1. Over the alpha carbons of segment 163-251, what is the largest minus smallest coordinate on each principal axis, giving the biggest first in Å?
2. Just to be sure I understand the model, the point goes 7 Å from the Cα along the line to the Cβ. What's the resulting residue 181 to residue 133 distance in nm?
3. Ordered by residue, what ³J(HN,Hα) values in Hz, to whole numbers, does segment 121-128 give under the Karplus form 6.51 cos²θ - 1.76 cosθ + 1.60, where θ = phi - 60° and Gly and Pro are x?
4. Expressed as a whole number of Å, what is the distance separating the alpha-carbon centroids of segment 79-155 and segment 48-69?
5. Where in segment 68-83 does the amide nitrogen come within less than 18 Å of the point 7 Å from the Cα of residue 57, taken along Cα to Cβ?
6. Over the chain, with the other protein chains present, what is the accessible area per residue in square angstrom, probe 1.4 angstrom?
7. Modelled label-to-label distance, residue 230 and residue 150, 7 Å Cα→beta-carbon offset: nm?
8. As I understand it, the dipole of the chain uses +1 on the Cβ of Lys and Arg and -1 on the Cβ of Asp and Glu, about the Cα centre. Which of 222, 30, 110 lies farthest toward its positive end?
Amino acid sequence: MTRPTPEPLPAPLAGLVSSRRFERIVLFSGAGMSQDSGIPTFRSGDDGLWSAFDPQQLATPEAWRRDRALVWGWYEWRRGLVMAAHPHPGHVAAARLQRELGAAIVTQNVDDLHERAGATDVLHLHGSLFAPRCEACGKAAELPPPPPKTPRERLDPPRCARCQAHVRPGVVWFGESLDPAVVDEACRRIAACDLLVIVGTSGTVQPAAGLVGLAPEGAVIVEINPERSATASTLDFRWRSTAARALPTLADALVAAGAPG
Ligand code: OAD
């Protein structure tokens, strides 16, 4: 993959960022964050997953009960895609914001690209492809690297080492609840933020999408997305760019503004 050219900070955003020192930054990411690493989004572009696959057949508890091998094979295919991908400069910039300015990272993504870029504390609202667990007793399961599979290839899920029930993907499906501890922490960080950077989400899936509405009055809200999203009209700035091109420039400016002196 060629290295994306960083995009200069648009003047109004440069003005916003340089006018104050942000101390409680939250980066809220969605599938578009990983698109520059070659991971398909759900709803954008020609390869959006939900235009090729039916979420009702793959991402619900009913789908799992109906056909575990179909669902497991699809998630293992996705895990393989992620393992073959690499974090891009936007992931690296997000990790830098966390390391140097204490930014919280709240993501809807189930990949590990934020972590592989160096982020140490990522709130995964929708779980992780890398945290499979027993469907019955909840014991965490270890997995070998996924076999090379096509998305429609069925694969029997492994059995739990403790109780022999099936191991399920560690993601949140439609109709399931988000982990309350993760949601509480995400709410706490967003409700206290002074800068919210929303990257690569269509803003259509609740309750995750609604969390950005918790940003307090006075917080600056910036969106990085090449397309129109459903994100609330409370945005202070929409930057029509991509995560890989925009985030490094934004991080540079924030770190420079936040440096003592
Ligand atoms: P979507 O696929 O709904 O939206 C992706 C967004 O990323 C779109 O608004 C694109 O315009 C934008 N985008 C595309 N390329 C980009 C790039 N290079 N840089 C920045 N933005 C880019 O993904 P999410 O909003 O994350 O849930 O979807 C939310 C949830 O819906 C997912 O977590 C998943 C899905 O069903 C579950 O599976 C429970």
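The values are calculated or read from the model by the stated rules, or taken from the named source; none is laboratory data. Everything numeric here is computed off the predicted structure, so don't read it as measured data. For neighbour counting, all protein chains shown are included, and Cβ atoms are generated from backbone atoms with ideal geometry for every residue, glycine included. Ligands, DNA and RNA are stripped out before the accessible areas are found, and what is left, the full protein with its side chains, is counted by its heavy atoms. Shrake-Rupley method; radii C 1.70, N 1.55, O 1.52, S 1.80 Å.
1. Computed over the Cα atoms, the extents are 51, 27, 23 Å.
2. Between residue 181 and residue 133, the label points sit 0.9 nm apart.
3. Couplings: 9, 10, 8, 8, 5, 10, x, 8 Hz.
4. Comparing the Cα centres of segment 48-69 and segment 79-155, I get a distance of 20 Å.
5. 68-78
6. 47
7. 3.3
8. Value: 110.
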